[in-house]
Amino acid sequence: MTDYNPLSKREEEVVELLLQGKSNKQIALSLGISDHTVEFHLRNVYAKLQVSSRAEAIIKLGKSTARTSSKLGESAVEEDVLKADNRGDLLMQRPGTRATTAEVSVQEVAIFFRKHKILISSGILLAALLVFVFSKPKPWERYERECEYPDEATVGQMIWRSTASDSKVHGQFGTTAGSPWPAQSGYVTYKNISIPQIDQLYLKLRYSKNSPSSVPILIYMDDEPAPRASIYPVDQQNWDRFTWTEPIFLGSIEGGVHSIQFSTDGQQYGVADLDKLIITGKP
């Protein structure tokens, strides 16, 4: 070990296994600690050795070990036989020559990379492809929302409907909550709708209606003073019979977070029960 910045007992144990060519997982299993803890100790070792990689640490530790052994009158590493690494590869040591731990480790790393060059290259390419695929933002398709809980509302309320998309609607839109259900004007607003810049924006609304169709629903985007479009709900003659509007063209919109508002002058029995809305860039 280095004399100028000694390692802790646990760091010495990690280093000893590191010099044996063990992986982080093998070191963790040998010491009964987690992979994360091994990585923590290795980072401390690198810092104390003033190195930035595993290979540099092995080389420096090998030189340090060689110096320590020489002081004690011992040979650094004598190998006159075949040396096997932990992956089953064999390194031939010439008789009469000396090999430090660092030199053997460098040889092992070189042989491993030569042997698995194609596999490693393929892995790097695959990893790069996966990063590209999963980091690439998916194209925006549409925004969907149930209508029963608007962010703001001045008319209507949540009502249970067995055939609604989520068994609930924003009902009695355009009328009061009690008999004889006279007309009541008001609006509902749905906020926090993230939309990219689109030249052609469309809306589809699922609703039910059981009253004469005579009053429109005006559609506003954000705080614009003029409506983008209007809907004339068709009488379904049953509040539990739901239908979708045709795609309603809303025009272009800048990218960002938006809101949509449905406004009505109201009519007796209500203009519609609002079930679900879809905003999309496709008609």
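The values are calculated or read from the model by the stated rules, or taken from the named source; none is laboratory data. Model, not experiment: these values are computed from the prediction. Because the Cβ atoms are built from the backbone with ideal geometry, glycine has one as well, and the counts that use them run over all protein chains shown.
Residues of the stretch 141-158 that are part of a loop (DSSP other than H, G, I, E, B) and either not aromatic (Phe, Trp, Tyr) or not assigned by TED's automatic domain parsing to the domain that holds residue 263 (or both): 141, 147, 148, 150, 151, 154, 155, 156.
Among residues of the stretch 37-56 being crowded, with 16+ Cβ neighbours inside 10 Å and free of Cβ contacts under 8 Å to residues at least 24 places away in the same chain, the one that is farthest from residue 13 (Cα to Cα) is 51.
Restricting attention to the stretch 253-276, the residues that are charged (D, E, K, R) and either crowded, with 19+ Cβ neighbours inside 10 Å or in a strand (DSSP E or B) (or both) total 3.
Inspect the stretch 124-135 for any residue being surrounded by 13 or more Cβ atoms within 10 Å (Cβ to Cβ) and either under 18 Å from residue 275 (Cβ atoms) or not assigned by TED's automatic domain parsing to the domain that holds residue 252 (or both) and give the result as yes or no. Scanning the stretch 124-135, I find no residue that is surrounded by 13 or more Cβ atoms within 10 Å (Cβ to Cβ) and either under 18 Å from residue 275 (Cβ atoms) or not assigned by TED's automatic domain parsing to the domain that holds residue 252 (or both), so the answer is no. Per the listing 117, 168, the residue uniquely of a type in the set (D, E, K, R) and in the same structural domain as residue 236 (by TED's automatic domain parsing) is 168. The conditions of being modelled with pLDDT of 50 or more, exposed (fewer than 15 other Cβ atoms within 10 Å of the Cβ) and acidic (Asp, Glu) are not met by residue 13. Taking the options 205, 250, name whichever one is closer than 17 Å to residue 169 by Cα and surrounded by 16 or more Cβ atoms within 10 Å (Cβ to Cβ). One residue alone meets the criteria, 205. Pairing each residue of the stretch 101-118 that is modelled with pLDDT of 70 or more with any residue that is among the small types (Gly, Ala, Ser) and not in a helix (DSSP H, G or I), provided the two are 6+ apart or on different chains, yields C-beta distances under 9 Å for 108/21. For the stretch 225-246, the criterion of being touching a strand residue (DSSP E or B) at 6+ places or on another chain (Cβ under 8 Å), part of a loop (DSSP other than H, G, I, E, B) and within 12 Å of residue 260 (Cα to Cα) is satisfied by at least one residue.
Screening 154, 163 for residues that are β-branched (Val, Ile, Thr) and surrounded by 13 or more Cβ atoms within 10 Å (Cβ to Cβ) leaves exactly one candidate, 163. Counting only helices (runs of 4 or more DSSP H) wholly contained in the stretch 6-51, the ones carrying 1 or more residues that are under 32 Å from the mean Cα position of the chain (by Cα) and basic (Lys, Arg) occupy 24-31, 35-49. Within the stretch 169-180, one or more residues are in contact (Cβ under 8 Å) with a residue 24 or more places away in the chain and over 15 Å from residue 153 (Cα atoms).
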